[in-house]
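The values are calculated or read from the model by the stated rules, or taken from the named source; none is laboratory data. All values reported here derive from a predicted model rather than from experimental measurement. Cβ sites come from the backbone with ideal geometry, for glycine too, and all protein chains shown count toward neighbours. Surface areas here come from the heavy atoms of the whole protein model, side chains and all, with no ligands, DNA or RNA. Shrake-Rupley method; radii C 1.70, N 1.55, O 1.52, S 1.80 Å.
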Amino acid sequence: MASPVNPKRVHTLKERPRRGGTVVYWMNREQRMNDNWALLFAQSLAVKYASPLSVVFCLVPEFLEATERQYRFMLTGLESLERSLAAKNIPFHLLLGAPDHALPRFAAQHDVESLVTDFNPLRLPMRWKERVTDAVNASVYEVDAHNIVPARIVSPKQEFGAYTIRPKVHRLLPEFLDEFPAVRKHPHAWPFPVAPADWKAADRSLRIDRSVGAVAWCSPGEAEARAVLERFLNSGLPSYDARRNDPTLDGQSGLSPYFHFGHLAPQRAALETVKREGRPVHLIVQRDKNGSAENRGNAEAFLEEMIVRRELSDNFTFYNTAYDSFDGFPAWAQLTLNEHRKDLREHVYSADDFEAAETHDPLWNAAQRQMMRTGKMHGYMRMYWAKKMLEWSASPEEALAGAIRLNDRYELDGRDPNGYAGIAWSIGGVHDRAWFERPVYGKVRYMNDNGCAKKFDVKRYIAEQSGG
Ligand code: FAD
Ligand code: FO1
């Protein structure tokens, strides 16, 4: 049964008296029409007030380390979105430039009285939102359309780890894992002229590195994202837990680029998984009393990663403003890494050595090559990859900055809360505990190629990634 937008997903940033103006959804993270609580909330306002409705996307000429690879993926997805929205009588406006410049002018020119935007815990989008909220003469609402359990609801603080956020998420899943209503054909016409998006001017406006090219294995857009989800649920999920950590197998879902750019709602992936399981979600995810994950079901393993681990990353980047720096590490990790700053590094590599995949370790080089070539390093290898950068960099800060830069430059799913959390876990013990002490790592969890060799066929992975 489809439900209206749960009011707990909506966070009011500013209220202004109504004056019969228009409603706009300023889209940032959730670049899709269907299954988008922010768009659904904007339309509910517009229907209630009998107002026109349109969607605005502000294209910035650069975004963190994004290159041609990520912008091509995103812009292609937005082009198909413009067409889908037009069929629902909801115009799509592509504005060029930073939102805090382009949006206030647009709002004034189009008599915007309610501005809805989506939840995004990253520093730059949060700053855009603050400035836009100050600048517009409109009510402003933020809707969490990324997390199933809204980040602001699941916890008022930074969680220690999956083990502390998991019960809080699980308790609220039955309330928030609700079915999406469909977007309606909007009953009120937009009263201003609508210029179709100029995609050529958009591309010319970008100041990005064009040398990191688009990837062929993953086509962007909402329809493609649903097809990938269907394929995974039919042929990947039934063996997910056994295969997901073997980089020589295609055992992951391949969904992260679609989640990152918002082409697919994690909530849709969860709803479809639960439908296939034929059991209520709380029975799928429940663990025995000591929380052990022994012989996890495949659906439980997938939902654990896709809901608990992913929502833990939003919690981390939302409440820890130092999410991309050494200061963001837990105190025990900062202490131990400081105590081992002067340890002899057996190997020390520069940023260029790492980027050229020219370390002494063929396994690390293979992972780096996979990321540069495909834009998607296997999840298991990402842990090994980042931890070895800690081991072979002159300092933890250099390792952290280097891992973030390479991850955000080459990964399709980079520039994402999951990335900052995953790298901080690997290098700074975030969401992890102290392990027995060793050189350079201190008490930060260690990984090595022997550990990998116990898990999968290392030689095969290296051979597969040494191709051109
Ligand atoms: P699947 O195994 O199919 O997982 C499905 C979904 O579950 C993922 O799309 C993701 O949303 C979520 N998920 C799975 N593993 C994790 C995890 N460890 N933490 C949080 N969510 C998870 N993920 C990104 O989306 N962007 C990144 O930039 C990124 N950088 C990472 C860097 C490092 C050093 C590490 C250790 C992990 C990183 N991850 C990142 C998390 C994880 O590796 C990827 O989400 C996963 O590999 C994406 O592939 P998939 O969707 O096929 O994964
Ligand atoms: N968000 C925007 O609102 N405008 C952009 O031009 C934009 C570019 C962009 C490029 C690469 C990328 O990975 C993300 C980008 N985003 C942009 C942000 C994205 O939509 C999300 O807000 C963040 O990635 C957080 O997940």
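Based on the mean of other beta carbon atoms within 10 Å per residue, what is the order of 96-108, 403-415, most packed first?
In decreasing order of mean packing, 96-108, 403-415 become 403-415, 96-108.
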- Item | Nearby aspartates and glutamates by direct alpha-carbon distance to Lys459 (threshold 16 angstrom, same-chain neighbours under 8 apart not counted) | Asp246, Asp361, Asp449
- When DSSP beta bridges are limited to those with both residues in the chain, what percentage is antiparallel, rounded to the nearest 5? 20
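Determine the per residue accessible area of the chain with all protein chains present and a 1.4 angstrom probe, expressed in square angstrom.
Counting only protein heavy atoms, the per-residue value for the chain is 41 Å².
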- Note on the structure: Of the accessible area of the chain, computed with a 1.4 Å probe and all protein chains kept, carbon and sulfur make up a percent value of 53
- Task: Please name which of Gly429, Pro191, Ala201 has its Cα lying farthest along the dipole of the chain towards the positive end, using unit charges on Cβ (Lys, Arg +1; Asp, Glu -1) and the Cα centre as origin.
- Result: Pro191
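Say R0 is 56 Å: what FRET efficiency, to the nearest 0.05, do Ala87 and Arg341 get from their beta-carbon distance? Don't skip to the end; give the middle numbers.
Numbers: r = 59 Å, r/R0 = 1.05.
That gives a FRET efficiency of 0.45.
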- Calculated log₁₀ intensity ratio I(q)/I(0) where the Debye formula runs over C-alpha points of the range 1-146, q = 0.08, 0.21 Å⁻¹: -0.20, -1.50
- Message: I'd like to compare 451-464, 57-70, 182-195: which one has the highest average count of other Cβ atoms within 10 Å, and what's the full order after that?
- Response: 57-70, 451-464, 182-195
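Would you tally the net charge around Glu464, using a Cβ to Cβ cut-off of less than 15 Å, leaving Glu464 out, and scoring K and R as +1, D and E as -1?
On the way: positive: Arg369, Arg373, Lys376, Lys459, Arg460; negative: Asp246, Asp250, Asp457.
Around Glu464, the surrounding residues sum to +2.
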- Here FRET efficiency (C-beta to C-beta, Lys48 to Leu13, R₀ 25 Å, nearest 0.05) is 0.85
- Mind checking which of Asn320, Ala151, Tyr141 is farthest towards the positive end of the chain's charge dipole, using Cβ charges of +1 (Lys, Arg) and -1 (Asp, Glu) about the Cα centre? Tyr141
- If amide H atoms are built 1.01 Å from N in the plane of the peptide, which residues on other chains or at least 5 residues away come under 5 Å of the amide H of Leu59? Leu95, Leu96, Gly97
- Task: Give the distance, in whole Å, between the Cα centre of the range 6-32 and the Cα centre of the range 95-118.
- Result: 12
- For Lys342, counting only aspartates and glutamates whose alpha-carbon sits under 13 Å away and dropping same-chain residues fewer than eight positions off, the answer is Glu391
- Query: How high is the relative contact order of the chain, given as a whole-number percent (alpha carbon pairs under 8 Å, six or more residues apart)?
  - Reply: 19
- Quick note, the chain: a/c under 1.5 would make it rounded; otherwise a/b > b/c is prolate and the rest oblate (a ≥ b ≥ c, C-alpha gyration tensor); here it is prolate
- Query: Can you give the angle from 0 to 90° between the axis of helix 37-48 and the longest principal axis of the chain, with both taken from C-alpha atoms, to the nearest 10?
  - Reply: 10
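Considering Cα pairs under 8 angstrom that are at least six residues apart, work out the relative contact order of the range 326-465 and quote it in whole percent. Don't skip to the end; give the middle numbers.
Details: 174 pairs, mean separation 45.9, N = 140.
Value for the range 326-465: 33 percent.
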- Message: Strictly over 29 Å apart at the Cα level, which of Lys275/Lys455; Lys129/Lys387; Lys157/Lys443; Lys157/Lys455; Lys8/Lys443 would you flag in this model?
- Response: Lys275/Lys455; Lys129/Lys387; Lys157/Lys455; Lys8/Lys443
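Run the dipole for the chain about the Cα centre, Lys and Arg Cβ at +1, Asp and Glu Cβ at -1, nothing else charged, and hand back the magnitude in debye, nearest 20. Write out the running numbers ahead of the final one.
On the way: 62 positive and 60 negative charges, 190 e Å.
Taking the Cα centre of the chain as origin, the dipole is about 920 debye.
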- Message: Counting just the Cα atoms, what span does the range 326-465 cover along each of its three principal axes? Round to the nearest Å and put the largest first.
- Response: 39, 30, 27
- Message: Going by Cα centres, the range 142-192 and the range 254-276 are how many Å apart?
- Response: 13
- About its Cα centre, the range 1-146 carries a charge dipole, from +1 on Lys and Arg Cβ atoms and -1 on Asp and Glu Cβ atoms, whose size in debye to the nearest 20 is 300
- Note on the structure: Once the in-chain neighbours fewer than 8 apart are removed, the lysines whose Cα is under 23 Å from Lys88 read Lys48, Lys185
- Item | At most 11 other Cβ within 10 Å, DSSP loop - chymotrypsin sites (Phe, Trp or Tyr not before Pro), the range 172-257 | Trp217
- Quick one: if you stick a label point 7 Å off each Cα along the C-beta vector at Glu355 and Trp217, how many nm between them? 2.3
- Task: Pull out the extension gain between Arg243 and Arg204, defined as 0.36 nm times the separation in residues minus the alpha carbon to alpha carbon distance; nm, one decimal.
- Result: 9.8 nm
